[in-house]
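One structure is given below, encoded as structure tokens.
The values are calculated or read from the model by the stated rules, or taken from the named source; none is laboratory data. Predicted model only: the values in this text are computed from it and were never measured. When we count neighbours, we look across all protein chains shown, and the Cβ atoms used for this are built from the backbone with ideal geometry, even at glycine. Keep in mind that these areas ignore ligands, DNA and RNA; they rest on the heavy atoms of the full protein, side chains included. Shrake-Rupley method; radii C 1.70, N 1.55, O 1.52, S 1.80 Å.
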Amino acid sequence: MSKFSTVIWPKVILFGDSITQFSFQANGWGAETANKLARKCDVVNRGLSGYNSRWAKIILPRLISSQNPAENHIAAVTVFFGANDASLEDENPQQHVPLQEYSENLKDISRFLTSAGVSADKVIFITPSPIHEPAWEKECILKGCPLNRHNSVVGQYAQACVQAAGQCGSDVLDLWTLMQKDGQDYTVYLSDGLHLSEKGNQFVAQHLWSLLAGRVAHLPFILPYWGDVDAKNPESSLLCNS
């Protein structure tokens, strides 16, 4: 029988669409978050490019089990949907989700997370970021379709996200508002009018950390610092259960 227990690494799960999926690229906000949490917990990328809240709600039980909540060891979850939901129905019916349904989907996601042992205070909702229509229209034209998103519509979804988070008792990172605050040039945060630039990734990483830090501050540094390992008897340091 083993004399030691398996080391448990808590998890921070990033759940969202392409803006989450791509966040582990060089200088991405997910990669920056993972770097800050090295040796404290695993940062798990569950970004699904092109997905909306309707599909997210369906597949979430396949990503996180609610059967044995205590075994999930989840320190925090980010929920970052809306950029695809806010697509114009006439131009992009496959991804579009009506505003009211989007709001209800976020609440359903919150309820499922609660059933999986992730309390509302461990959930951080993130609103869609603003859209720069001229730049995104060029991308749409290259794909052979007309402009399929309007920034004013995305703003409605961002507000719905803020309201849903409040009703669920969770924090929210309102990117749509923050990136446009005081009339600043928010286009520097976008690479193609929709997805994040390097500066946009830095913006998200910085503001997310201000919300996430308190949720992970209690997590211990996992396994001893190398200078604290007993070189003559490393097992005594490395196989202890404290």
- How much net charge surrounds Leu99 when only the other residues with a Cβ under 13 Å from the Cβ of Leu99 are counted, with Lys and Arg +1 and Asp and Glu -1? -3
- Message: Please report the carbon-and-sulfur percent of the accessible area for segment 41-137; probe 1.4 Å, protein heavy atoms only, DNA, RNA and ligands left out.
- Response: 47 percent
- Expressed per residue, the solvent accessible area of segment 108-235 in Å² (1.4 Å probe) is about 50 Å²
- Across segment 73-90, in residue order, what do the Karplus-derived ³J(HN,Hα) couplings come to in whole Hz, using 6.51 cos²θ - 1.76 cosθ + 1.60 with θ = phi - 60° and x for Gly and Pro? 6, 9, 8, 6, 9, 9, 10, 10, 10, x, 4, 8, 3, 7, 4, 5, 4, 5
- Note on the structure: Computed from every Cα-Cα pair in the chain, P(r) in 10 Å bins starting at 0 and rounded to whole percents is 7, 30, 33, 17, 8, 4, 1, 0
- Per DSSP, the loop-located trypsin sites (Lys or Arg not before Pro) within segment 1-78 having at most 13 other beta carbons within 10 Å are Lys3, Arg39
- Diffing segment 109-121: the Karplus 3J(HN,Hα) column from phi (6.51, -1.76, 1.60, θ = phi - 60°), in whole Hz with x for Gly and Pro, holds 4, 4, 5, 5, 4, 4, 5, 8, x, 9, 5, 4, 6
- Query: When ligands, DNA and RNA are left out and all protein chains stay put, how many square angstrom of accessible area per residue does segment 1-72 have with a 1.4 Å probe?
  - Reply: 57 Å²
- If one builds a Gaussian network model of the chain from Cα atoms under 10 Å apart, the most fluctuating residue listed among Asp182, Asp85, Asp17 is Asp182
- Query: Along the three principal axes, how long is segment 152-242 when you take its alpha carbons, biggest first, rounded to the nearest angstrom?
  - Reply: 65, 32, 20
- For segment 145-152, Karplus couplings with θ = phi - 60° (6.51, -1.76, 1.60), whole Hz, Gly/Pro x: 9, x, 3, 10, 9, 10, 4, 5
- Item | Nearest-ten-degree value, helix 53-63 long axis tilted from longest Cα axis of the chain | 20 degrees
- Note on the structure: Quick calc, the chain, dipole around Cα centre from Cβ unit charges on Lys, Arg (+) and Asp, Glu (-), nearest 20 debye, gives 780 debye
- Choose one of Ile8, Gln202, Gly30: the residue whose Cα lies farthest towards the positive end of the charge dipole of the chain (beta-carbon charges +1 Lys, Arg; -1 Asp, Glu; about the Cα centre). Ile8
